[in-house]
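**Q** I have a structure here, written as structure tokens, and I will follow up with some questions on it.
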Amino acid sequence: MILSALAFTACGGGGSDADLSDSKYVGTWKAQSINVGDESGEVEDKYLMIINADGTGTMTGDDGLNEFTWTPIDGGFKTKGDMKVTFKDDGDNIKARILIADLVFVKQ
């Protein structure tokens, strides 16, 4: 699948003293769909992102488990470290561009 070409790389960041427990982004998110150019499709269940209230998170995918840190921004959040991605809030979903792919994540 297209997503297998996308490498989520682990970051060396660790936990923080942040308390983001009130954030709507805290929880488990599943990648639901992907668009690359004119191609689009659904994503396998193994692509999950867990956002923790302490400002840390994990992403699972083809390359295993990857860790990152995150901070809220206006209209979404961004991850730090080697996985530098901005996630935009789209109502019930969050969207991100990772390399050349546009992904939509839904909360579980």
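The values are calculated or read from the model by the stated rules, or taken from the named source; none is laboratory data. No experiment lies behind these values; they were computed from the predicted model shown. When we count neighbours, we look across all protein chains shown, and the Cβ atoms used for this are built from the backbone with ideal geometry, even at glycine.
**Q** Only one of (1) out of contact with any Lys or Arg (no Cβ under 7 Å at 6 or more places or on another chain); (2) surrounded by 16 or more Cβ atoms within 10 Å (Cβ to Cβ) fails for ASP90. Which number is that?
**A** Single failed check for ASP90: (2).
**Q** In the range 72-89, which residues are in a loop (DSSP other than H, G, I, E, B) and without any contact (Cβ under 8 Å) to a residue 60 or more places away in the chain?
**A** Our first condition is that a residue be in a loop (DSSP other than H, G, I, E, B); within the range 72-89, this holds for 74-75, 81-85.
Passing the criteria: ASP74, GLY75, LYS84, VAL85.
**Q** Okay, moving on. For residues that are more than 12 Å from the chain's Cα centre (by Cα) and among the hydrophobic types (A, V, I, L, M, F, W, C), scanning just the range 66-108, find the one that is modelled with the lowest pLDDT.
**A** Across the range 66-108, the extreme among qualifying residues is LEU99.
**Q** Cβ-Cβ under 9 Å, sequence separation 6+ or interchain: first residue in the range 19-39 and without any contact (Cβ under 8 Å) to a residue 12 or more places away in the chain, partner part of a strand (DSSP E or B) and among the β-branched types (Val, Ile, Thr). Which pairs?
**A** Sorted first by the residue in the range 19-39, then by its partner, the list stays empty.
**Q** Are there any pairs with C-beta distances below 6 angstrom linking a residue in the range 40-55 that is closer than 12 Å to TRP29 by Cβ to a residue that is crowded, with 16+ Cβ neighbours inside 10 Å and of a type in the set (Lys, Arg), with the two at least 6 apart or on different chains, and if so which?
**A** LEU48/LYS30
**Q** In the range 22-39, which residues are in a loop (DSSP other than H, G, I, E, B) and either modelled with pLDDT of 95 or more or among the charged types (D, E, K, R) (or both)? Write out each step before concluding.
**A** First, pick out the residues of the range 22-39 that are in a loop (DSSP other than H, G, I, E, B): 22-26, 37-38.
Answer for the range 22-39, where residues must be in a loop (DSSP other than H, G, I, E, B) and either modelled with pLDDT of 95 or more or among the charged types (D, E, K, R) (or both): ASP22, SER23, LYS24, TYR25, VAL26, ASP38.
**Q** Does at least one position in the range 91-106 carry a residue that is among the small types (Gly, Ala, Ser), closer than 22 Å to SER21 by Cβ and out of contact with any Asp or Glu (no Cβ under 8 Å at 6 or more places or on another chain)? Walk me through it before giving the result.
**A** Within the range 91-106, the subset among the small types (Gly, Ala, Ser) is 91, 96, 101.
Checking the rest, the ones that are also closer than 22 Å to SER21 by Cβ come to 91.
Imposing the further condition that a residue be out of contact with any Asp or Glu (no Cβ under 8 Å at 6 or more places or on another chain) reduces the set to 91.
Checking the range 91-106: at least one residue is among the small types (Gly, Ala, Ser), closer than 22 Å to SER21 by Cβ and out of contact with any Asp or Glu (no Cβ under 8 Å at 6 or more places or on another chain).
**Q** What number of residues within the range 90-108 are touching a residue at least 40 places away in the same chain (Cβ under 8 Å), under 19 Å from LYS24 (Cα atoms) and not basic (Lys, Arg)? Quick ask: steps written out before the conclusion?
**A** Start the filter on the range 90-108 by keeping residues that are touching a residue at least 40 places away in the same chain (Cβ under 8 Å), which leaves 93-94, 98-108.
Okay, now just the ones that are also under 19 Å from LYS24 (Cα atoms), so 93-94, 103-108.
From what's left, not basic (Lys, Arg): 93-94, 103-106, 108.
The number of residues fulfilling the criteria is 7.
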